[in-house]
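The values are calculated or read from the model by the stated rules, or taken from the named source; none is laboratory data. None of the values given here were measured: they were computed from a predicted structure. All Cβ positions, glycine included, derive from the backbone under ideal geometry; neighbour counts span all protein chains shown. Protein only, heavy atoms only, side chains kept; ligands, DNA and RNA dropped before computing areas. Shrake-Rupley method; radii C 1.70, N 1.55, O 1.52, S 1.80 Å.
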Amino acid sequence: ELPIDTVLLARFLIGKMLVRVVADGVVAGRIVETEAYVIGDPAGHAYRGMTLRNRSLFLERGHAYVYLAYGVSFMLNVSSETSGIGAGVLVRAIEPMVGISIMERNRGTKQVRDLARGPGRLAEALAIDRQLDGVDLCRAGQLWLGTDGKASGDIGQSKRIGITRAADSLLRFYARGDR
């Protein structure tokens, strides 16, 4: 069901479930914020072509691209185009729904609002690291996308956060009203 278009996929993912199976159980949440990094985007990791680090961005849509940002935090992207075309959607935030106590332990906080708000926090809460790079998110496994059958609701759009190139592009999408 995933659309073959980066912007459409970024919107499509709002309201979908991100599920992670860990040793202690399952952690999951509803995706509430994404950012699109389209074909030819100077802010995207695929801009200069395929490398060993970003090759997962060039896989068929629906694969995980996980990278370490600034040597500090892992980030999860979803490849978004056909095989060989580099583009992706950064999953910026989820609303924690399942396994909250596991997320709290992973993050070292009891503040539910802060568990998975921001892409680095999200990855830490769900124990996402480079070992999950390239995983097919359309198949049940250690990390996958699903739905709880609920509609996504109203989707807002704005500038992306924390970038300098193509910073004015309206490629950030979010669930309106979600805290």
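Couple of notes before you dig in:
- Test for G146: is it in contact with a strand residue (DSSP E or B) (Cβ under 6 Å, 6 or more places away or on another chain), of a type outside the set (F, W, Y) and surrounded by fewer than 22 Cβ atoms within 10 Å (Cβ to Cβ): yes
- Pairs linking a residue in segment 135-152 that is in contact (Cβ under 8 Å) with a residue 60 or more places away in the chain and more than 19 Å from N77 (Cβ to Cβ) to a residue that is of a type in the set (A, V, I, L, M, F, W, C) and assigned to a loop (DSSP other than H, G, I, E, B), with Cβ atoms under 7 Å and 6 or more positions apart or on different chains, are S152/I14.
- Looking only at segment 165-179, and only at residues there that are touching a residue at least 60 places away in the same chain (Cβ under 8 Å) and outside any strand (DSSP E or B), the one that is farthest from F12 (Cα to Cα): R165
- Considered as a group, the residues in segment 59-74 that are part of a loop (DSSP other than H, G, I, E, B) and hydrophobic (A, V, I, L, M, F, W, C) include one that is least open to solvent (accessible area, probe 1.4 Å), and that residue is L59.
- Selection from segment 18-58 of residues that are open to solvent by 20 Å² or more (accessible area, probe 1.4 Å), closer than 14 Å to L143 by Cα and under 12 Å from the mean Cα position of the chain (by Cα): R30
- Among residues of segment 79-108 that are closer than 13 Å to L122 by Cα and of a type in the set (S, T, N, Q), those with a Cβ under 6 angstrom from a residue that is at pLDDT 95 or above and outside any strand (DSSP E or B), sequence gap 6+ or separate chain, pair up as N106/E124; N106/A125; N106/A127.
- Test: residue in segment 127-135 that is more than 14 Å from the chain's Cα centre (by Cα), within 20 Å of Y70 (Cβ to Cβ) and open to solvent by 80 Å² or more (accessible area, probe 1.4 Å): yes
- Annotation note: of G162, G149, G134, the sole residue that is on the phi > 0 side of the Ramachandran plot and touching a Ser or Thr at 6+ places or on another chain (Cβ under 6 Å) is G134.
- Among residues of segment 59-78, those that are more than 20 Å from L122 (Cβ to Cβ) and of a type in the set (A, V, I, L, M, F, W, C), counted: 1
- Filtered by the rule that a residue be of a type in the set (D, E) and at pLDDT below 95, segment 115-150 gives a lone residue, D148.
- The set of residues in segment 1-17 being surrounded by 17 or more Cβ atoms within 10 Å (Cβ to Cβ) and within 15 Å of the chain's Cα centre (by Cα) consists of L2, T6, V7, L9, A10, R11, F12, L13, I14, G15, K16, M17.
- Subset of segment 75-114 that is at pLDDT below 95 and in a helix (DSSP H, G or I) - its residue that is surrounded by the fewest Cβ atoms within 10 Å (Cβ to Cβ): R113
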